[in-house]
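What follows is a set of notes on a single structure, which appears directly below.
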Amino acid sequence: MFVRLASLAMRRRRLVFVIAVLGFAIAAAIASPAMKVLSAGGFEDPKAESSIAEEVLRERFDTGEPNFILVARAPGQVDSGEAEAAGRDLTRELTDQDGVAEVSSYWTGGPAADELRSEDGRSALILARLSGDDDEALKTAKRLAPRVTGEQGVLSVKSGGRAEFNRQGSERITTDLARAEGIAIPITILLLVLVFGSGMAALMPLAVAGFSVVGSLAVLRLLNEVTDVSIFAANLSTALGLGLAIDYSLFIISRYREELKKGAETATALRATLRTAGRTVVFSAVTVLLSLAALLVFPLYFLRSFAYAGIGVVLFATLGALVLLPALLAALGGRIDKFDLMAKLRRGPKKEKRPEEGFWHRLATAVMRRPLPVLAVVLVVLAIVVMPFTKASFGLPDDRALPKDLAAAQVGDAVRTEFSTPTGRDLKVVLPDARPSDSELTDYATALSDVADVERVDTATGSFRDGKQIAPPAAGAEKTFTEADGAWLALTTDVEGYSEAGKDLVGEVRDAQPPAGTAALVAGTAATYADTLDSLWSALPWAVLIIAMLTFTLLFLFTGSVIMPLKTIVLNLLSLTATYGAMVYVFQDGNLQWLTGDFTVTGYVDVTMPILMFCVIFGLSMDYEVFLLSRIKEEFDRTGDNEAAVARGLESTGRLITAAAALLAIFFVALVSAGVTHVKMLGLGTALAILMDAIVIRGLLVPAFMRLAGRANWWAPGPLRRLHDKIGFSHGPSADEERDTASSGELGGAPAVSESRERVTQ
């Protein structure tokens with residue numbers, strides 16, 4: 001296959017260029033509206049009890065959680081004549097708009113009207129529920145906000161709520177992504193020139209990156225027609241598209257240059273490059289793809305969207321690296337080093353170092369002289385870094401994830417601090433199967449009102465507190481709270497929704513015995529939080545198991561060893577847990593804001609981020625591991641010397657892996673400039689993990705471990721070794737390739753693979 005790809009690059013390169021240009025143009029046309037149509041939600045499990053309860057409330061009772069909130073501030077008291085008139089006018093204006101299902105306001109009264117007045121009396125709330133799903137509500141909010149905010153008579157009005165969180169967040173992400181690209185791309189170009197030492201060579205990874213990024217965004221845009229896709233996945237498409245394209249291009253171009261330096265012609269160099277580095281790129285791509293595909297087991301489309309983005313990126317980056325890039329190399333031939341921009345900075349001709357003189361060879365050799373002290377020091381440091389993760393608390397993103405200058409964040413802050421009963425703390429209990437009798441409903445409401453942290457229960461038969469009825473039913477309560485086949489109850493609570501207390505309260509409410517013949521479904525922020533955590537924790541073991549099994553299987557096929565896969569899994573987990581510790585230290589505890597930029601400290605970490613980073617970082621770690629192991633195994637099969645193979649393999653790839661990691665980390669670091677907190681977290685966490693993996697794990701722990709394991713690195717039981725001989729990955733040329741190249745001296749009399757394997761067995 002790889003020989004045919006090389007032939008295609010040589011003979012049909014013009015056709016490849018034409019198809020690539022046309023494909024890029026079509027993909028760009030498809031991808032162009034992506035940032036406008038992708039969704040901003042996806043943080044709940046649609047099959048969870050709370051989601052089903054919300055759907056029942058919306059469809060059968062025409063009610064639900066308010067998702068559009070207005071905070072209106074008066075120059076004096078909101079009860080003054082001018083403020084009250086302006087408030088009533090604003091309420092009517094909002095009620096009359098298309099897409100607004102229901103509105104409650106301080107100025108229109110009701111049983112809970114006093115809760116919509118701030119404690120100082122200078123602000124009041126108008127709560128609205130916009131109809132439709134998150135995307136429809138976002139579009140309605142975008143249309144409404146200019147009409148009902150700003151100066152409304154004597155009132156100064158700002159908009160917030162979930163619909164505005166989604167709208168303002170998605171708009172901010174679009175601008176943040178453009179700014180991150182503006183920061184990262186110029187720096188990337190400069191570093192590519194430094195890494196390659198050639199302007200011509202530096203341009204080619206950018207061509208592959210553009211092909212990969214645009215192609216993956218087009219995939220997201222098309223998938224959005226058949227399923228929900230989160231706008232946050234666009235961040236990963238851009239970062240991974242740029243990073244993997246550069247990674248794969250680095251290894252292809254570097255190997256191609258090596259072959260040219262050996263005196264090979266362009267065609268021979270391309271064949272040798274794709275036969276070695278090309279095969280490794282394919283294997284690496286498969287490992288990254290499968291790690292990201294594990295996100296598909298989660299019910300939240302926010303996480304599944306990153307799987308879609310990752311799969312698209314990997315496929316297009318691999319296609320670009322194995323088809324477009326070889327065609328470019330074939331067209332350039334020996335001119336790959338044209339425009340040597342560093343020539344003037346060097347004194348005299350460029351000197352080639354022997355492998356044993358290189359930094360990475362010397363580092364590996366030094367580590368392997370004292371592997372135990374190196375392991376001990378690194379593990380102690382990693383243990384210190386991971387310690388904050390032991391006190392991690394988890395939540396879901398809300399308006400506090402937005403930058404403080406956005407109206408939705410300011411409204412959310414005002415609701416939490418200025419009002420006696422902040423919105424978002426209420427629970428709703430739905431009885432969807434049958435309408436209970438008034439006495440049954442009263443008994444159930446009485447029992448619920450006696451639950452700790454429940455301040456009041458409102459339903460068709462009245463209001464209840466502390467196990468007693470405190471008020472008769474409000475006017476229209478029966479129509480509001482009941483229908484022919486069901487009923488619901490509103491619970492006012494005093495606990496934060498995203499908290500352990502909120503989870504515990506949901507559990508107690510669900511434990512209360514509903515009237516006979518019906519089931520009780522609980523909705524509300526705390527219920528959504530509890531159900532989402534349960535869904536994620538239930539799916540997480542499957543994702544971990546999938547990644548672990550696939551990693552083990554693929555690395556076994558790659559190396560023929562059962563030790564290497566286990567080593568890789570353990571070292572990757574060390575890198576991940578240390579990164580998690582840093583995330584808790586920064587984002588949960590609020591440290592280092594001078595480095596990350598200002599954000600609101602909530603006291604918890606967005607629960608989706610550790611899961612997302614686990615799959616992304618594990619895949620990228622496997623990417624570097626495959627490139628390193630391919631050269632180590634190639635050297636070991638050639639010489640049978642474990643320590644020499646480790647040192648030479650690290651020397652061959654250390655500079656490239658570090659450069660690739662730095663280039664990939666640039667864009668993730670640029671994401672730290674984003675205003676949305678979970679984008680900051682993804683950027684900083686992934687960048688830290690990438691650099692730690694490339695420098696600490698590959699540079700120190702891998703040589704130390706492989707020195708201690710010795711020849712056991714390549715051990716496998718007899719049956720598995722024979723299985724690998726039949727279906728495993730070969731790092732040397734095949735028998736046919738040996739016959740084709742032996743006469744040209746490309747193999748140089750290296751020991752046969754079988755010979756080195758025999759020495760390992762012995």
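The values are calculated or read from the model by the stated rules, or taken from the named source; none is laboratory data. Predicted model, so just to flag it, every value in this text is computed and none were measured. Using ideal geometry, Cβ is built from the backbone for each residue, glycine included, and neighbour counts are taken over all protein chains shown.
Observations
- Selection count, the range 448-470, where residues are of a type outside the set (S, T, N, Q), touching a Lys or Arg at 6+ places or on another chain (Cβ under 9 Å) and part of a strand (DSSP E or B): 7
- Restricting the range 471-488 to residues that are under 44 Å from the mean Cα position of the chain (by Cα) and assigned to a helix (DSSP H, G or I) leaves a set whose member that is farthest from L521 (Cα to Cα) is T480.
- L550 more than 28 Å from V381 (Cα to Cα) and surrounded by 22 or more Cβ atoms within 10 Å (Cβ to Cβ): no
- With respect to the conditions (1) without any contact (Cβ under 8 Å) to a residue 60 or more places away in the chain; (2) more than 30 Å from L292 (Cα to Cα); (3) not basic (K, R), A548 falls short on a single one, namely (2).
Rundown of residues vs (1) among the polar types (S, T, N, Q); (2) assigned to a loop (DSSP other than H, G, I, E, B); (3) in contact with an Asp or Glu (Cβ under 9 Å, 6 or more places away or on another chain), yes/no style:
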position: A27; (1), (2), (3): no, no, no
position: E59; (1), (2), (3): no, no, no
position: V71; (1), (2), (3): no, no, yes
position: D79; (1), (2), (3): no, yes, no
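- Test for G640: is it in the same structural domain as A704 (by TED's automatic domain parsing), on the phi > 0 side of the Ramachandran plot and not β-branched (V, I, T): yes
- Boolean, F587 is under 17 Å from I611 (Cα atoms), crowded, with 22+ Cβ neighbours inside 10 Å, in contact (Cβ under 8 Å) with a residue 60 or more places away in the chain and aromatic (F, W, Y): yes
- I690 surrounded by 24 or more Cβ atoms within 10 Å (Cβ to Cβ) and either free of Cβ contacts under 8 Å to residues at least 60 places away in the same chain or not in a helix (DSSP H, G or I) (or both): no
- Of everything in the range 606-662 that is touching a residue at least 12 places away in the same chain (Cβ under 8 Å) and outside any helix (DSSP H, G or I), the residue that is farthest from the chain's Cα centre (by Cα) is G640.
To keep it simple, each residue is scored yes or no on (1) at pLDDT 90 or above; (2) assigned by TED's automatic domain parsing to the domain that holds A434; (3) among the acidic types (D, E); (4) in a loop (DSSP other than H, G, I, E, B).
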site: A490; (1), (2), (3), (4): yes, yes, no, no
site: A501; (1), (2), (3), (4): no, yes, no, no
site: V506; (1), (2), (3), (4): yes, yes, no, no
site: A516; (1), (2), (3), (4): no, yes, no, yes
site: W537; (1), (2), (3), (4): yes, no, no, no
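So that you can scan it fast, the table gives a plain yes or no per residue for (1) touching a strand residue (DSSP E or B) at 6+ places or on another chain (Cβ under 7 Å); (2) among the polar types (S, T, N, Q):
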position: S32; (1), (2): no, yes
position: L38; (1), (2): yes, no
position: F43; (1), (2): no, no
position: K47; (1), (2): no, no
position: D62; (1), (2): yes, no
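- Search result, residues across the range 141-183 that are out of contact with any helix residue (DSSP H, G or I) (no Cβ under 8 Å at 6 or more places or on another chain), farther than 24 Å from F668 by Cβ and not hydroxyl-bearing (S, T, Y): R143, P146, G150, E151
- Filtering the range 289-333 to residues that are of a type in the set (V, I, T) and modelled with pLDDT under 90 leaves only V323.
Results for (1) farther than 30 Å from E49 by Cα; (2) at pLDDT below 90; (3) more than 19 Å from the chain's Cα centre (by Cα); (4) among the polar types (S, T, N, Q), shown as yes or no for each residue.
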{"site": "L540", "(1), (2), (3), (4)": "no, no, no, no"}
{"site": "A543", "(1), (2), (3), (4)": "no, no, no, no"}
{"site": "M549", "(1), (2), (3), (4)": "yes, no, yes, no"}
{"site": "T553", "(1), (2), (3), (4)": "yes, yes, yes, yes"}
{"site": "T559", "(1), (2), (3), (4)": "yes, yes, yes, yes"}
{"site": "M564", "(1), (2), (3), (4)": "yes, yes, yes, no"}
{"site": "T568", "(1), (2), (3), (4)": "yes, yes, yes, yes"}
{"site": "S575", "(1), (2), (3), (4)": "yes, yes, no, yes"}
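Yes or no, residue by residue, for (1) surrounded by 15 or more Cβ atoms within 10 Å (Cβ to Cβ); (2) within 18 Å of A408 (Cα to Cα); (3) at pLDDT 90 or above:
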{"site": "G81", "(1), (2), (3)": "no, no, no"}
{"site": "S104", "(1), (2), (3)": "yes, no, no"}
{"site": "P111", "(1), (2), (3)": "yes, no, no"}
{"site": "L130", "(1), (2), (3)": "yes, yes, yes"}
{"site": "V157", "(1), (2), (3)": "yes, yes, yes"}
